[in-house]
Amino acid sequence: MAGAAPTTAFGQAVIGPPGSGKTTYCLGMSEFLRALGRRVAVVNLDPANEGLPYECAVDVGELVGLGDVMDALRLGPNGGLLYCMEYLEANLDWLRAKLDPLRGHYFLFDCPGQVELCTHHGALRSIFSQMAKWDLRLTAVHLVDSHYCTDPAKFISVLCTSLATMLHVELPHVNLLSKMDLIEHYGKLAFNLDYYTEVLDLSYLLDHLASDPFFRHYRQLNEKLVQLIEDYSLVSFIPLNIQDKESIQRVLQAVDKANGYCFGVQEQRSLEAMMSAAVGADFHFSSTLGIQEKYLVPSDQSVEQEAMQL
């Protein structure tokens, strides 16, 4: 509209390796935000995503399909996905035409799980950079499966990947350890959870790895990797259980702080009401992962019985 002041939009770019729970996160977070009163638009930027469980406001599949690219160019899934992102980068006018009518919404971008896109390939970073020019303030929400904490060697690899992603994507960044409700099924942790979330003294990980004959030969390499991570001192994690609204709230507060989103009065009241209702409430996601709350209110009969006993 001519003469209208540009409206700053906020949102999250949900990234992470395949199977880390990005689509489930977008569904759970969108339901939580709607319960707070935010208008949410979920944008699928992953052309390999099929059977989306959430209501999709914009789907990159309308622009380019991974299957069509693989058939036409004789590419595998990885090469095809990189081509799709390069094609989207070359046709950002299509994306802007889709996003402009959604001004006033809070955006959740469900991004591809191709690790290269977030560590060294330039297409996704260029797309995010262009969105910033459209006055869209994004926070990168990087999901990592919490089962990597059970293996010190894998955890060091995750730290390196997270650091590379933070430096390459060039967005305000929040790292999450996803699927925390399942971590007990993965095995016993060598250290307390705080050690992994705060990325404390990593020399303990090196000592733990030294007990393994295989990794003992690579101690110098692991020492250099650990030194690199500690020198930057950027990586830390927030544990996430998508079925626990207090966990989602902690993540949302970190994201809002990172991209500068300010709470409205009505949303703050909604948040306070939701959290106060959580006391003594059984909160869970249904089969459709919608938010449900079952309030534990005693019946009049039980109140009378307790009074008679007193």
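The values are calculated or read from the model by the stated rules, or taken from the named source; none is laboratory data. Quick caveat, the model's predicted, so the values are computed rather than measured. Cβ: placed from backbone, ideal geometry, glycine included. Neighbour counts: every protein chain shown. Note: areas computed on protein heavy atoms with side chains; ligands, DNA, RNA excluded. Shrake-Rupley method; radii C 1.70, N 1.55, O 1.52, S 1.80 Å.
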Relative contact order for region 1-67 using alpha-carbon pairs under 8 Å, separation at least 6, rounded to a whole percent?
-> 23
In whole angstrom, note down how far apart the Cα centers of region 19-69 and region 179-221 are.
-> 33
Exactly which trypsin sites (Lys or Arg not before Pro) in region 174-238 are in a DSSP loop and have at most 11 other Cβ atoms within 10 Å?
-> Lys188
What translational diffusion coefficient, in µm²/s and rounded to a whole number, does the Stokes-Einstein relation yield for region 165-258 at 25 °C and a viscosity of 0.890 mPa s, taking the hydrodynamic radius as the Kirkwood radius over Cα pairs?
-> 160
Neighbour-limited loop hits for chymotrypsin sites (Phe, Trp or Tyr not before Pro), region 172-270 (at most 16 other Cβ within 10 Å; DSSP other than H, G, I, E, B) | Phe191, Tyr218, Phe263
Rg ratio (alpha-carbon, reference 2.2 N^0.38 Å) - region 172-211 = 1.35
Backbone HN-Hα couplings from phi across region 192-208 [Karplus 6.51/-1.76/1.60, Hz, Gly and Pro as x] | 5, 4, 4, 4, 7, 6, 8, 6, 6, 3, 7, 4, 5, 5, 4, 5, 5
Hey, got the Cα dimensions of region 16-109 along the principal axes, in Å, largest first?
-> 46, 30, 19
Restricting attention to region 1-108, which trypsin sites (Lys or Arg not before Pro) occupy a DSSP loop and are surrounded by at most 11 other Cβ atoms within 10 Å?
-> Arg39, Arg74
So, by mean Cβ neighbours within 10 angstrom, what's the order for 59-72, 240-253, 8-21 with the highest one leading?
-> 8-21, 240-253, 59-72
Using the heavy atoms of the protein chains and a 1.4 angstrom probe, tell me the accessible area per residue for region 119-187 in square angstrom.
-> 38
How about Lys224: which lysines have a C-alpha closer than 26 Å to its C-alpha, ignoring those fewer than 8 places off in the same chain?
-> Lys154
Using 7 Å Cα-to-Cβ label points, what is the Arg74/Glu116 separation (nm, one decimal)?
-> 1.8
